[in-house]
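Colleague: The structure that follows is given in the form of C-alpha cells.
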Amino acid sequence: MNKIIIIGAGACGVYSALLIKQAHPNVDVLVLEAHKTPLKKLLATGNGRCNLSNKDLAITHYDSDNLALVKDIIDDFDMPKQMQKLGLYTKYMGQLLYPYSEQAKSVFRILMDRAQEAGVVFLYEQFVKSIRYQDGYIIETEHQRFHSDGVIVSVGSSAGKLSQVYDRRSLFTHLSFDYQDNSPSLTQMYTKEVYKTLKGVRMKGVFSLYQGKQLLKQEKGEMLFTNYGVSGIAIMQLSRYYQEGVTLVCDLLPDLSKEELANFLQRDLIHPLEGLVPYQLSDLLEKTHQDPISFLKQMTFHVKGIRESEYAQVEKGGLLLSNFNNDLESKDYPHFYAGGEILNVNGDCGGYNLHFAFASGYRIFKGLERNQNVKN
Ligand SMILES: Cc1cc2nc3c(=O)[nH]c(=O)nc-3n(C[C@H](O)[C@H](O)[C@H](O)COP(=O)(O)OP(=O)(O)OC[C@H]3O[C@@H](n4cnc5c(N)ncnc54)[C@H](O)[C@@H]3O)c2cc1C
C-alpha cells in the first residue's frame, strides 16, 4: 500500500495514523475528519482528565460478538508502556489510569505532536458520505472524492453531545458488512418514581437490577437523583443490562443491617436520620411518613427506559467482529480495517472503551506490519 486513508480523527484513528506514518514515512497517511478539530470526544473523557485504561482488564467488562478476539486485542496492548513511547507519562489512581498531568489535553497534544512530527496529513470538515471498493477505495466526502489503496474506518459512535450524530451504518451502504443496530449504553435511567426534591443528591450504595425476581446485575457505587430518574456511575454501568420491565433496587445504607438501622432509629430525636443520610432525604421521609428502613434499604424504581445516545458515553452495536480477521482486516475487502467504537465492542465505565480504541488501533498497525501490507 502506498496510500492509506483513515476516516475519523478520534483516539483510534489518530493513534493508528501516527504509528503507521512513524514506521513508514514514505507512505501517504491521510486522516479525514468531519469536525473542525480532532479528538473532540477524548478531550471530554474522564471529566476532562481522560481515564485511559484500568488495572483490571478482565474480559467480563466487555460485550461483543467475539469476546475471544477482544480479549486478545486488549491483553496485547500495554497502555502505560505504549503511551510512554509517545512521551506521555501515566499513573494509576486506584484502578483507573490517567495521564500524569490529569489533563486530557496532554493526551491530545502529545498525540497530535507525534502525528504532526511523523507527517500525517489531516483534513477537517470532511464528512465522509460513502466508501466504495473498485480495485482500491473511493471515498466521497461532502466536498471531495479521494482514492486510496487501504482504509481504516474509525468513526466511533453517536454517543455523547460531541459526536457526529448520524446512522453509522449508512457509511457502509456500498459495501457488504454485517452490522448490529446501535443503541445507547452507559447512560442514565428514566424511572416511574421521580423524587424531584432529591434532585442533585448523590448517594453511595449497592444497586441491583432485576427482571422479575432474577438479578441481572449488581453494582456498588454512586447514584445521583435527577428530575427524570437516576444517574451516576453505578446507574450508567447498570444501563448496559437494561431490558424492558426491569426494576432497580437500591440499598442506600449497605454498611448497616436492617436491625442496626432499626436500633439507630429508636432514639428519641427530632430528626433521627440527620447525619446518616443527606438532609433532603431525611426531610422527604419525615414529610411522606414512609418507612425509613424499607425506603433506605430497598428503595425501588420501575425503570421506564434508558436515556438517548446524546447522553450516553458509548453505544452498543456496530460492525460485527465476524466481518474481520484477527488483525481487524475485512475478510472480504483487502486492506479495509476498522477499529474503536464503530466495532461491535463496548465496555464498562472506567477506561475500558478508550483502552479498546487505542488497542484496536495498535492491532491494525501490528497487522499491517506482520503482513507487510505497507511499502516503505
Ligand atoms: C462524555 C464522555 C466521557 C467518556 N469518558 C470515557 C473515559 O473516561 N474513559 C473511557 O475509556 N471512555 C470514555 N468515553 C468513551 C470513549 O470516549 C470512546 O469510546 C472513544 O473515544 C472511542 O474512540 P474512537 O476513536 O472509536 O471514536 P471517537 O473518539 O468518537 O472518534 C471518531 C471520530 O470520527 C469522526 N467521524 C464520525 N463520522 C465521520 C464521517 N462520516 N466522516 C469523517 N469523520 C467522521 C468523529 O467526528 C470523531 O472525531 C467517554 C465518552 C463520552 C461521550
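The values are calculated or read from the model by the stated rules, or taken from the named source; none is laboratory data. Small disclaimer: the values here were computed from a predicted structure and weren't measured. Here the Cβ positions follow ideal geometry from the backbone for every residue, glycine too, while neighbour counts run over all protein chains shown. Accessible surface areas use protein heavy atoms only, side chains included; no ligands, DNA or RNA. Shrake-Rupley method; radii C 1.70, N 1.55, O 1.52, S 1.80 Å.
Colleague: Using modelled backbone amide H atoms (1.01 Å from N, in-plane), which distant-in-sequence or interchain residues come within less than 5 Å of Val230's amide H?
Modeller: HN-HN under 5 Å from Val230: Met189, Thr191.
Colleague: Can you list residues whose amide H is under 5 Å from Thr90's amide H, if they're 5+ apart or on another chain and H is modeled 1.01 Å from N?
Modeller: Sorted by chain and number, the residues that satisfy this are Tyr100.
Colleague: Here's something else I'd like to know. Heavy-atom accessible area of Val201 with all protein chains present, probe 1.4 Å, nearest 10 Å²?
Modeller: 10 Å²
Colleague: Of all accessible surface on the range 189-306 at a 1.4 Å probe, what whole percent is carbon and sulfur?
Modeller: Details: 3240 of 6330 Å².
Solvent-exposed carbon and sulfur of the range 189-306 make up 51 percent of the total.
Colleague: Continuing with this model, one more query. Along each of its three principal axes, how wide is the spread of alpha-carbon positions in the range 189-306, in whole angstrom units, largest first?
Modeller: That works out to 44, 27, 21 Å along the principal axes.
Colleague: How large is the accessible surface per residue of the range 189-306, computed with a 1.4 Å probe and reported in Å² as a whole number?
Modeller: For the range 189-306, the per-residue accessible area is 54 Å².
Colleague: Given a 1.4 Å probe and heavy atoms of the protein chains only, how would you sort His289, His174, largest accessible area at the top? Write out the running numbers ahead of the final one.
Modeller: Values: His289 160, His174 85 Å².
Final ranking, largest accessible area leading: His289, His174.
Colleague: Here's a follow-up. Using only Cα atoms, tell me the angle between helix 11-23 and the longest principal axis of the chain; keep it within 0 to 90° and round to the nearest 10.
Modeller: That helix lies at roughly 30 degrees to the long axis.
Colleague: List, in the order given, every pair from Lys129/Lys331; Lys41/Lys105; Lys71/Lys316; Lys41/Lys199; Lys192/Lys316 whose Cα-Cα distance in the structure shown is over 20 Å. Don't skip to the answer; put the middle values down first.
Modeller: On the way: Lys129/Lys331 23 Å; Lys41/Lys105 11 Å; Lys71/Lys316 17 Å; Lys41/Lys199 27 Å; Lys192/Lys316 24 Å.
Going by Cα-Cα distance, Lys129/Lys331; Lys41/Lys199; Lys192/Lys316 fall outside the 20 Å limit.
Colleague: Here's a follow-up. Based on DSSP H runs of at least 4 residues, each adding -39500 (n - 2.57), what is the mean residue ellipticity at 222 nm of the chain after dividing by all its residues, to the nearest 500 deg cm²/dmol?
Modeller: Working: 10 runs with 100 residues, N = 376.
Helix-only estimate at 222 nm: -8000 deg cm²/dmol.
Colleague: With a/c under 1.5 counting as rounded, go ahead and sort the chain into rounded, prolate or oblate using the C-alpha gyration tensor (a ≥ b ≥ c being the square roots of the eigenvalues; past the cut-off, prolate if a/b is larger than b/c, else oblate).
Modeller: On the way: a/c = 2.60, a/b = 2.20, b/c = 1.18.
Prolate shape, in that a/c is at least 1.5 and a/b is the bigger ratio.
Colleague: Determine how large the accessible area of Lys129 is when every protein chain is in place; take a 1.4 Å probe and give Å² rounded to the nearest 10.
Modeller: Estimated to the nearest 10 Å², Lys129 gives 110 Å².
Colleague: Taking a 1.4 Å probe, which of Asp348, Asp28, Asp65 shows the most accessible area, and what order do the others take after it?
Modeller: Ranked list, largest accessible area first: Asp28, Asp65, Asp348.
Colleague: Against the longest alpha carbon principal axis of the chain, how many degrees, from 0 to 90 and to the nearest 10, is the axis of helix 104-118 turned?
Modeller: 10 degrees
Colleague: Follow-up question, since we're still on this one. Once each part is reduced to its C-alpha centroid, what is the distance from the range 128-149 to the range 235-307 in angstrom?
Modeller: Answer, in whole Å: 56.
Colleague: Using θ = phi - 60° and the Karplus form 6.51 cos²θ - 1.76 cosθ + 1.60, what ³J(HN,Hα) does each residue of the range 159-175 get, whole Hz, x for Gly and Pro?
Modeller: 5, x, 5, 8, 7, 6, 8, 6, 6, 3, 4, 5, 5, 9, 4, 8, 10
Colleague: Taking all protein chains together and a probe of 1.4 Å, list Asp178, Asp113 from the most accessible to the least accessible. Don't jump to the answer; show the numbers that get you there.
Modeller: Working: Asp178 90, Asp113 70 Å².
Final ranking, largest accessible area leading: Asp178, Asp113.
Colleague: How much accessible surface area, in Å² rounded to 10, belongs to the heavy atoms of Arg307 with a 1.4 Å probe?
Modeller: 30 Å²
Colleague: Within the range 338-376, find all residues whose amide N lies under 11 Å from a label point positioned 7 Å from the Cα of Ile233 along Cα-to-beta-carbon.
Modeller: 349-351
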